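Following: one structure in structure tokens, then a few remarks.
Each reported figure results from applying straightforward, stated rules to the coordinates on display, with no laboratory input. Predicted model only: the values in this text are computed from it and were never measured. Cβ coordinates were reconstructed from backbone atoms using ideal geometry, including for glycine residues, and neighbour counts include every protein chain displayed.
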Amino acid sequence: MRFWTRASGIGRGAPALPTSSVGAAVAVAVARPSRTRPWYVDVWVQMLRRKPLGTIGGAIVVAMLAAAVLADLVTPYGFAQTSLPERFIAVNGAHWLGTDQLGRDLLTRLIYGARISLYVGFGAVLLGCVLATTIGVLSAYFGGRFDLWLQRGVDAWMAFPPLLLLMSIMSLLGPSVWNITAVLGVAFGIQNSRIVRGVALSIKEYTYVESARALGSGHVRITMGHILPNVLPTIIVVATTGLSTVILTEASLSFLGLGVPPPYPTWGGMLSLAGLDHMYQAPWLAIWPAVALSLAVFGFNMLGDALRDLLDPRLKGG
Amino acid sequence: MKRYVLRRVALAIPTLFLVSVIVFAMMRLMPGDVATRMVEGHAYAPTLAALRHDLGLDRPAYVQYGEWIGGIVLRGDFGNSYWTRQPILDEFVRRFPVTLELAALTIFVSVVIGIFVGIVSAVRQDTASDYIGRILAILALSVPYFGLAVLVVVLPSIYFKWTPVWTYIPITRDPLENLKIMIVPALVFGVTRAGPIMRIMRSSLLDVLRQEYIRTAWSKGLSERTIVLRHALKNAMIPVISLIGLQTPLYIGGSVIIEAIFRLPGVGLFFFEALTKLDYPVVQSVNLIIAAMVVGLNLLIDLSYAVLDPRIRYR
């Protein structure tokens with residue numbers, strides 16, 4: 001990552017001259033109290049000091065991560081382990097949050113649900129960020145006709161209500177973990193390429209890009225070495241604020257039966273439209289997944305908001 | 001102004017063309033075959049080939065695309081459903097009022113709540129009411145609307161013996177009964193959408209309240225009420241209105257889920273049922289109609305900005 005800190009001038013404390021508005025914004029917002037810590041450490045220190053809600057959000061996210069990673073160790077049952085004599089238990093010593101219509105332990109399924117949510121969420125956002133960066137940076141860098149047509153395509157994509165489009169695609173592809181991750185990733189990427197493009201457009205105009213060109217740098221060197229590093233803080237912000245949306249979208253698709261197929265437990269799938277009839281007998285089947293989902297969305301929202309304020313104040317709002 | 005309008009309309013045409021290509025390509029390139037299901041599961045035709053021929057699926061894709069688009073542009077014919085053979089447009093028009101009413105009520109609920117809480121939060125910044133308002137907004141942002149909808153359907157029926165009305169009554173037959181049915185879904189959906197509106201309202205009003213002309217209004221001795229409601233609110237509403245415009249696709253997308261949970265016979269339910277039956281023409285045409293509406297709406301919003309702010313026209 002050496003090229004990154006060098007080009008963006010964030011990591012070395014106060015740069016003599018801010019190399020870009022993003023670099024400057026990060027330098028101002030993050031590096032003010034400490035000029036020795038690298039910025040990626042300093043962000044978290046600032047978070048703990050100045051952003052109580054962000055810290056709570058971060059704690060929830062960490063708890064979710066722990067649940068996802070340790071699911072096999074902390075759960076006494078398998079996520080698909082049925083036990084028909086123990087159907088519809090509300091709560092007891094063996095099943096803390098009760099059981100569902102097949103006698104599966106709800107807590108176990110919620111914990112494994114965190115794993116699926118994060119798996120799909122992180123996978124889709126990672127894929128989406130790569131795509132958004134590729135489209136955004138290329139569109140901004142080459143400009144002209146190429147940009148015009150690519151952006152009309154993005155316009156067309158964004159004309160659809162996202163949920164309708166995703167539902168259509170998922171119903172055709174069929175529900176599977178891989179399909180939903182890929183589809184959400186592509187949608188996320190196209191949608192956010194606009195933001196990346198906007199930032200890349202402004203970076204392109206800086207004199208250091210011009211001087212790089214004057215020194216004979218090629219397209220690859222300029223985009224990868226000069227534009228990309230300065231777009232990165234924006235991408236981090238897009239990724240963290242987008243995670244909650246992606247997790248929520250996965251849940252709504254799974255809710256409709258178009259996301260992650262059974263028997264994998266997902267929070268949206270556990271709330272499911274198809275299982276509505278069972279919930280009249282066992283309301284906890286609806287309550288706990290809804291609570292888990294709300295907590296997760298809350299956690300990612302707060303963490304994302306705080307990171308956005310600390311990393312890139314220009315994107316504030318919404 | 002005329003030139004600006006013409007240019008904006010001209011730019012919308014390639015977008016709409018690409019929209020139709022995306023929809024069509026998506027439906028044709030993807031795996032999943034409705035013909036097999038129709039023949040094997042429901043005996044719609046003696047053989048697969050016969051049904052394919054019947055539905056026109058045996059012709060090249062560009063011919064099918066041409067026919068679809070040609071029908072729409074020349075005759076206003078959006079095709080027929082594979083399963084019922086009924087014209088899609090008729091069904092869409094029949095169901096659209098339900099979705100429109102749901103969307104209008106939802107927007108109304110979220111705007112009323114969002115603006116009210118937002119104003120209180122901004123005017124009483126950093127007081128208890130502000131904190132309560134902001135916490136409510138965060139809660140609204142975090143609770144997924146379909147989760148809340150399921151809880152609203154399930155919990156009251158268990159604990160209070162109250163259930164939403166399942167038989168839909170059109171607004172034309174009995175507006176009051178109709179409102180009784182629509183108000184619960186609209187409240188559920190609207191409350192969860194009020195969060196972002198409240199946050200934008202608060203931050204934009206705070207911005208406006210710090211401006212010079214507000215100070216002038218204060219020094220003229222006007223009451224707080226007049227200053228906030230007559231002077232500040234108008235300017236503070238601009239970002240709120242553009243947010244509502246931006247969120248319209250979300251209202252439409254969400255109505256699919258809300259209509260499915262509350263069994264409202266709107267476009268959303270039509271779309272969802274068509275999806276589960278792989279009824280391509282319906283999915284395709286409904287997607288296209290709605291996307292065209294969104295494009296048209298964005299165009300209208302842009303044009304209205306141009307009317308309000310002359311600087312935009314000359315950009």
Next on the checklist: Among B:LEU55, B:GLY70, B:PHE17, which residue has its Cα furthest toward the positive end of the charge dipole of region B:2-75, with +1 on Lys/Arg Cβ and -1 on Asp/Glu Cβ?
Outcome noted: B:PHE17
Checklist entry - Given the convex hull of the Cα atoms of region B:100-276, what is a quarter of its surface area in nm²? => result 12.5 nm²
Next on the checklist: Under the √(5λ) rule applied to the eigenvalues of the Cα gyration tensor, what semi-axes describe the equivalent ellipsoid of region A:45-169? Give them in Å, descending.
Outcome noted: 42, 22, 12
Item to check | For residues of B:258-265, the mean tally of beta carbons on other chains within 10 Å | outcome: 1
Checklist entry - Quick one: putting +1 on the C-beta of Lys and Arg, -1 on the C-beta of Asp and Glu, what dipole do you get for the protein assembly as shown around its Cα centre, in Debye to the nearest 20? => result 2320 debye
Checklist entry - Once every DSSP H run of n ≥ 4 in the protein assembly as shown is given -39500 (n - 2.57) and the sum is divided by its residues, what mean residue ellipticity at 222 nm do you get, rounded to the nearest 500 deg cm²/dmol? => result -24500 deg cm²/dmol
Checklist entry - With the contact rule set at Cα under 8 Å and sequence spacing of 6 or more, what percent relative contact order holds for chain A? => result 26 percent
Next on the checklist: Through the Karplus equation 6.51 cos²θ - 1.76 cosθ + 1.60, θ set to phi - 60°, convert the phi angles of region B:5-15 into ³J(HN,Hα) values in whole Hz; use x for Gly and Pro.
Outcome noted: 4, 4, 5, 5, 5, 4, 5, 6, 5, x, 4
Checklist entry - Taking other Cβ within 10 Å of each residue's Cβ, how do A:SER193, A:SER252 sort, fewest first? => result A:SER252, A:SER193
Checklist outcome for this item: In chain A, whole DSSP H helices that both stretch 18 Å or further along their axis by alpha carbon positions and average at least -0.5 on the Kyte-Doolittle scale are A:52-74, A:106-142, A:144-159, A:177-204, A:228-255, A:284-311
Item to check | Mean Cα-pair separation over length for region B:207-315, i.e. relative contact order, pairs under 8 Å, 6 or more apart, % | outcome: 16 percent
Checklist outcome for this item: Within 10 Å of the Cβ of an average residue in B:137-144, the count of other chain Cβ atoms is 6
Next on the checklist: If you fit an axis through the alpha-carbon atoms of helix B:233-262 and take the longest principal axis of the Cα set of chain B, what angle between them do you get, 0 to 90°, nearest 10?
Outcome noted: 40 degrees
Checklist entry - Which of A:TRP288, A:TRP39 comes first, and how do the rest follow, when ranked by fewest Cβ neighbours within 10 Å? => result A:TRP288, A:TRP39
Item to check | Cα coordinate range in chain B, projected on the principal axes (Å, largest first) | outcome: 83, 61, 37
Checklist outcome for this item: Given backbone amide H placed at 1.01 Å from N, residues whose amide H is under 5 Å from that of B:TYR82, ignoring those fewer than 5 places away on the same chain, are B:VAL282
Item to check | Peptide ranges B:117-126, A:83-92, B:280-289, B:234-243 listed from the most packed, as the mean C-beta count within 10 angstrom indicates | outcome: B:280-289, B:117-126, B:234-243, A:83-92
Checklist entry - Counting partner chain Cβ atoms within 10 Å of every residue's Cβ in A:279-289, what's the average? => result 4
Item to check | Among A:VAL125, A:ALA212, A:ALA71 the positive-end extreme of the charge dipole of chain A (Cβ point charges) | outcome: A:ALA212
Checklist entry - If you place +1 on the Cβ of every Lys and Arg, -1 on the Cβ of every Asp and Glu, and leave all else neutral, what size is the dipole of chain B about its Cα centre, to the nearest 20 Debye? => result 1200 debye
Checklist entry - To the nearest 10 degrees, how steeply does helix B:175-209 sit against the main Cα axis of chain B, on a 0 to 90 scale? => result 50 degrees
Checklist entry - Among B:PHE17, B:PHE92, B:PHE78, which one moves the most in a GNM of chain B with springs linking Cα atoms closer than 10 Å? => result B:PHE17
Checklist entry - Exactly which chymotrypsin sites (Phe, Trp or Tyr not before Pro) in region B:241-300 are in a DSSP loop and have at most 15 other Cβ atoms within 10 Å? => result none
Checklist entry - Arranged by the count of other C-beta atoms within 10 angstrom, fewest first, what order do B:ARG225, A:ARG50 take? => result B:ARG225, A:ARG50
Next on the checklist: Please report the projected area of the protein assembly as shown's Cα convex hull averaged over all directions, in nm².
Outcome noted: 34.7 nm²
Checklist entry - Can you work out D for chain A in µm² s⁻¹ from Stokes-Einstein, where Rh is the Kirkwood radius over C-alpha pairs, the temperature is 25 °C and the viscosity is 0.890 mPa s? => result 115 µm²/s
Item to check | Rounded D (µm²/s) - region A:187-278, Kirkwood Rh over Cα pairs, Stokes-Einstein at 37 °C, 0.692 mPa s | outcome: 204 µm²/s
Item to check | Compactness of region A:91-244 as Cα Rg over 2.2 N^0.38 Å, two decimals | outcome: 1.39
Item to check | If the convex hull is drawn through the Cα atoms of region B:2-75, its volume per residue in Å³ | outcome: 110 Å³
Checklist outcome for this item: Length-normalised contact order of region B:1-110, Cα under 8 Å, at least 6 apart, in percent, tallies to 10 percent
